[in-house]
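Remarks on the structure that follows.
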Amino acid sequence: MAAAPAGLVMLPILALALIVVPTATATVVQLSGCEQGGPGGGSVVVDRQQLGAGEMDIARTIVDVVQQRRLPRRAAVLAIATAMVESGLRNLDYGDRDSVGVFQQRPSQGWGTRAQILDPVYATGKFLDVLVALPGWDTMAPGRAEQAVQRSGFPDRYAPRESAAAAIVDRFWAGPDNPTPPSPPGGGTEAVQAKTLCPDQGGSDVLRDPGQVDPKKLPSGFTLPTDVRQRAAVGFALGQVGKPYVWGAKGPNAYDCSGLMLASWAAAGVGIPSGTVSQVHAGHAVSSIQQVQPGDLLFIPGSLGTVRVPRHVGMYAGHGLIVDAYDTDTGVILEPLSAWTSKIVAIRRIADPSSPSPPPEGSPL
């Protein structure tokens, strides 16, 4: 549970001349490979904690945000250790009081709106903002920096996770460590992206017919759904049309297919898992295409998936249209539902119009 970043109360911390890290080295045991994986690889066991493909996708996202900001590797270790403790590296839609998301940040405590916090890219950025504002954050004893950010009622939980977090970071870190403090924006070497442990498995294999539906323009008369959450999710997804497809990306400048679904439902204040393999179990099943509603997630095998393990997902936008991040050559586009119908192997409804709305959002900083 993360308390307010504003007016941070510093805990007493011993001054150290060197970075202090746990001496033990965790071992990552691979449980499944790319047949169940994604950008973060398959499921693993690390330091007796099992993490699925979706959780490893979140871990890769955290490392990617750190590398894009050109922060030291230590920042990624601290962020992942925190996420392992707070959520098990899951994008939780619930928590203590109003805590949500990967870091269990609280809207009421100034971390951002519920919709913002349920976006792992935003949530990681906010964690890092507070972390790097701590004097000497990179040389604090294990667990101290995480506690100074989170202000948890259980401060001893973080240090034991740092060894496992470091082993996870090692899987995704690309290039040399970055200095502390980082180079100023626009200077030094360019930021690099975290490694992806599996090849791109998310591309669509639906034959395109741009003459049937304009892939980048809504037809006249199109209207958004009336339900507030469906409207927010669909509206966000449609707002990304024309942006590029990047394997493993969750926005804001590019998306893969599951990353677009996660960000779209986060915009509606609803948290869903990361990765197609996990999203196919989100919400509840819809039994037939005749019952599909705007905001529903539609799954197809895609270019490299199977009926049992679909690897591509799109969102039904209404009016016979689907919005999805198609592939690296095409980006985010509109497609006719009719082109997908014969290939759909699962439909998941994330939020019913009749279900209660999420708790009120807190005020942003």
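The values are calculated or read from the model by the stated rules, or taken from the named source; none is laboratory data. Quick caveat, the model's predicted, so the values are computed rather than measured. Note: ideal-geometry Cβ built from the backbone for every residue, glycine included; neighbour counts use all protein chains shown. For the accessible areas, the whole protein counts, side chains as well, though only heavy atoms, and no ligand, DNA or RNA atoms are used. Shrake-Rupley method; radii C 1.70, N 1.55, O 1.52, S 1.80 Å.
Let me confirm the definition first: pairs of Lys residues in the chain, 8 or more apart or on different chains, C-alpha distance under 19 Å. How many are there? The number of close lysine pairs in the chain is 4.
The amide H of residue 249, built 1.01 Å from its N in the peptide plane, has 256 as neighbours under 5 Å, considering only residues 5 or more places off or on other chains. The chain has equivalent-ellipsoid semi-axes of 36, 22, 18 Å, by the square roots of 5 times the alpha carbon gyration tensor eigenvalues, sorted largest first. When the chain is described by a simple charge dipole with +1 on each Lys and Arg Cβ and -1 on each Asp and Glu Cβ, the residue from 290, 303, 62 located farthest towards its positive end is 62.
Close amide H pairs (under 5 Å, H built 1.01 Å from N) link residue 326 with 331, 332, 333, residues at least 5 positions away or on another chain. Amide hydrogen proximity for residue 296: with H placed 1.01 Å from N in the peptide plane, the residues at 5 or more positions away or on another chain lying under 5 Å are 316. Using every alpha carbon pair in the range 17-172, what percent of pairs falls into each 10 Å bin from 0 up to the bin containing the largest distance? Histogram of Cα-Cα distances, whole percents per bin: 12, 44, 36, 9, 0.
Let me test this: with uniform point scatterers at the alpha carbons of the range 277-345, what is the Debye-based log₁₀ I(q)/I(0) at q = 0.13 1/Å? Rounded to two decimals, the profile gives -0.33. The angle between the Cα long axis of helix 228-239 and the main principal axis of the chain comes to about 90°, on a 0 to 90 degree scale. In terms of accessible area, using a 1.4 Å probe and ignoring ligands and nucleic acids, 25, 330, 82, 341 rank largest first as 25, 341, 330, 82. How tilted is helix 120-132 with respect to the longest principal axis of the chain? Cα atoms for both, answer in degrees (0 to 90, nearest 10). The two axes meet at around 20 degrees. For the range 156-251, the direction-averaged projected area of the alpha-carbon convex hull comes to 12.2 nm². Using the Cβ atoms and a cut-off under 11 Å, what net charge is assigned to the surroundings of residue 130, where Lys and Arg are +1 and Asp and Glu are -1? Neighbour charge sum, excluding residue 130 itself: 0. May I ask for the angle, rounded to the nearest 10°, between helix 53-68 and the longest principal axis of the chain, with both axes built from Cα atoms and the value confined to 0 to 90°? It is inclined by approximately 60 degrees.
For the range 95-111, putting each phi into the Karplus relation 6.51 cos²θ - 1.76 cosθ + 1.60 with θ = phi - 60° gives couplings of x, 5, 6, 9, 5, 9, x, 5, 9, 6, 7, 10, x, 5, 9, x, 7 Hz, in residue order, rounded to whole numbers and with x for Gly and Pro. Round to a whole number: what % of the accessible area of the range 256-301 belongs to carbon and sulfur, probe 1.4 Å? Answer for the range 256-301: carbon and sulfur cover 55 percent of the accessible area.
Along the range 134-139 the Karplus relation, 6.51 cos²θ - 1.76 cosθ + 1.60 evaluated at θ = phi - 60°, assigns HN-Hα couplings of 7, x, x, 4, 7, 10 Hz to successive residues, with x for each Gly and Pro.
Couplings 3J(HN,Hα) of the range 201-216, computed from phi: 10, x, x, 7, 10, 6, 5, 8, 9, x, x, 7, 9, 5, x, 10 Hz, in residue order, whole Hz [Karplus 6.51 cos²θ - 1.76 cosθ + 1.60, θ = phi - 60°; x for Gly and Pro]. In the chain, helices alone account for a calculated mean residue ellipticity at 222 nm of -7500 deg cm²/dmol, with every DSSP H run of four or more residues adding -39,500 (n - 2.57).
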